[in-house]
1. If a residue must be within 30 Å of T66 (Cα to Cα) and within 16 Å of the ligand (Cβ to nearest atom), how many such residues does region 209-234 contain?
2. Test each condition in (1) touching a helix residue (DSSP H, G or I) at 6+ places or on another chain (Cβ under 7 Å); (2) modelled with pLDDT of 80 or more; (3) aliphatic (A, V, I, L, M); (4) surrounded by fewer than 17 Cβ atoms within 10 Å (Cβ to Cβ) for V398 and report the one that comes out false.
3. Pairs needed: first member in region 339-362, farther than 11 Å from Y383 by Cα; second member anywhere, acidic (D, E) and crowded, with 20+ Cβ neighbours inside 10 Å; C-beta distance under 7 Å; at least 6 residues apart or different chains.
4. Name the residues in region 328-364 that are in a loop (DSSP other than H, G, I, E, B), away from the ligand (no atom under 14 Å from the Cβ) and under 26 Å from the mean Cα position of the chain (by Cα), would you?
5. Taking into account only those residues within region 118-147 that are part of a helix (DSSP H, G or I) and among the polar types (S, T, N, Q), which is nearest to L9 (Cα to Cα)?
6. Can you go through S313, S332 and tell me which one is within 14 Å of P354 (Cα to Cα) and hydroxyl-bearing (S, T, Y)?
7. Can you pull out the residues in region 284-328 that are buried (at least 19 other Cβ atoms within 10 Å of the Cβ) and acidic (D, E)?
8. Go through region 154-181 and give me each residue that's β-branched (V, I, T), surrounded by 20 or more Cβ atoms within 10 Å (Cβ to Cβ) and outside any helix (DSSP H, G or I).
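The values are calculated or read from the model by the stated rules, or taken from the named source; none is laboratory data. Note that the coordinates shown come from a computational prediction; the quantities given were computed from them, not determined experimentally. We place every Cβ from the backbone using ideal geometry, glycine too, and count neighbours over all the protein chains shown.
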Amino acid sequence: MHFFIIEDLQNWIRGGPDMGIAYLTAALRQQKAKVSLLSATDVLKHFLKDRELLKIATSNEPDEKTNPVKVACLLKKVQELQKTADLENFIQQRVEAENPDIVGFSLGHSMENPDIIKHIKGVLPKLEILTLAGGASMNSEEQREFALKQLGFKHVVYGEIGNNIGEFFEKMPQEFRGKPVENLDELPLPDFSLYDLDSFFTPSRALPMLTSRGCPWRKCEFCAHHSGYDRYREHSVEYIERMTEHYKNEYKCKYLMLHDESLMPARGLELANAFEGQGVYVYSYAYPRGFTRPILKRMYDSGFRVLVWGVESGCQRVLDLMNKGTKVNEISQILKDSYDERITNVCFVFFGFPGETKEEALKTVDFLEQNKEYIERHSVGKYIHLPGTPIWERGVKVNPKEAAQRYEEISAHVKQNNIQTCKPRFPLIPGSSSMREFLLYQTIQQQTT
Ligand code: SF4
């Protein structure tokens with residue numbers, strides 16, 4: 001059995017390998033299958049002819065990555081290429097050259113990009129082998145139906161696939177849902193060997209790591225994460241220690257990007273035990289409740305360097321509407337304590353949650369402004385009404401334009417009034433992620449000291 005994986009083609013400029021593909025690779029190899037990959041970086045390397053821009057996107061040299069003009073130029077060029085490149089022909093040629101038994105497309109954010117979808121729809125009838133659609137978007141029933149009926153995939157898989165892939169091969173149903181793994185420690189260690197780990201838009205190797213599945217809170221009205229993972233489960237500290245050593249020894253990687261949905265304080269302490277003395281630097285999402293200064297200190301001492309907080313709103317009534325379970329006052333205190341313990345705070349907020357007024361959205365701006373001394377970067381977005389979220393499942397009707405209008409309105413207000421909402425210790429780079437900026441900062445610091 002030869003399984004050819006095609007990575008999600010929405011984002012050609014990648015900060016690192018895909019976690020799901022690493023687990024799938026490990027599981028397929030356990031089944032004695034041959035596995036190969038067409039990565040998004042391979043696609044970029046094929047179509048981007050400008051060697052200088054390509055070097056910025058795919059080398060681990062920091063210099064040009066900090067040049068905002070060149071990075072903006074790279075992003076623009078790639079956007080144009082995604083519209084014009086003959087992706088269909090390229091995919092077909094690569095599949096024919098590989099001659100696999102089955103081709104699995106990972107459809108994460110590709111489903112949001114009509115250009116990519118058009119290419120996939122065009123190429124599928126030309127591939128005279130089994131085609132399978134997977135990836136996060138397949139957790140939605142509507143998207144599965146679209147993949148089968150509109151795009152022409154023969155199979156769709158969703159849920160937790162890696163360890164269940166053998167069961168899929170036995171029955172080969174049109175739709176297959178991988179059951180949740182009860183004991184996560186039974187999973188093989190993720191396998192990143194299909195990737196060139198020095199070919200990403202980062203100055204140092206940084207690898208994703210998943211130490212749990214699901215979210216321990218899983219009640220936020222706007223969040224669809226629970227539709228992919230059932231209940232919350234964790235790896236043991238011993239397994240995480242082993243996995244960290246594997247990342248260091250096998251992949252020579254000391255920067256870990258945790259993909260856990262939302263880190264709670266007790267788990268933060270457990271992970272601190274696992275990372276202690278390993279010499280790793282850790283980036284993680286975190287749930288802003290219950291983190292005290294001693295907990296944050298312990299986490300910093302073990303290697304945590306960036307925490308991305310799901311702040312969402314600076315208005316208590318809106319947080320309650322979202323069923324977020326957090327308190328605005330406590331969030332401020334956590335950000336201050338975290339900053340004082342030298343952790344970099346990144347805050348996620350968004351505008352346009354159903355029921356939020358303009359005055360309430362402005363309270364979020366006030367929150368960012370009042371706490372800007374402790375916030376080094378934020379991601380400001382607009383509400384997206386997604387299938388699989390509690391609010392969607394309750395049948396709440398939403399006008400998609402309203403959230404976009406609110407976002408534009410508040411952004412214009414921030415710009416017109418020159419409101420400063422964060423104070424970065426390291427340079428902001430257009431089109432980059434906070435992880436990438438952090439890595440650049442670290443790498444440059446290490447090179448100059
Ligand atoms: S938004 Fe975060 S905390 Fe809320 S349910 Fe989703 S993953 Fe959990």
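1. Of region 209-234, the ones within 30 Å of T66 (Cα to Cα) are 209-210.
Keeping just the survivors that are within 16 Å of the ligand (Cβ to nearest atom) gives 210.
Final tally of qualifying residues: 1.
2. For V398, the failing item is (1).
3. As it stands, the answer is T344/E376; N345/E376; V346/E376; F348/E312, since those pairs meet every condition given.
4. Answer for region 328-364, where residues must be in a loop (DSSP other than H, G, I, E, B), away from the ligand (no atom under 14 Å from the Cβ) and under 26 Å from the mean Cα position of the chain (by Cα): E341, R342, I343, G352, P354.
5. Taking region 118-147 as the starting set, the residues that turn out to be part of a helix (DSSP H, G or I) are 118-126, 136-139, 141-147.
Retained after the next criterion (residues that are among the polar types (S, T, N, Q)): 137, 139, 143.
Numbers: S137: 13, N139: 18, Q143: 17 Å.
For region 118-147, the residue satisfying everything is S137.
6. Values: S332 fails: within 14 Å of P354 (Cα to Cα).
None of the other options fit; the residue is S313.
7. E312
8. V156, V157, I161, listed by residue number.
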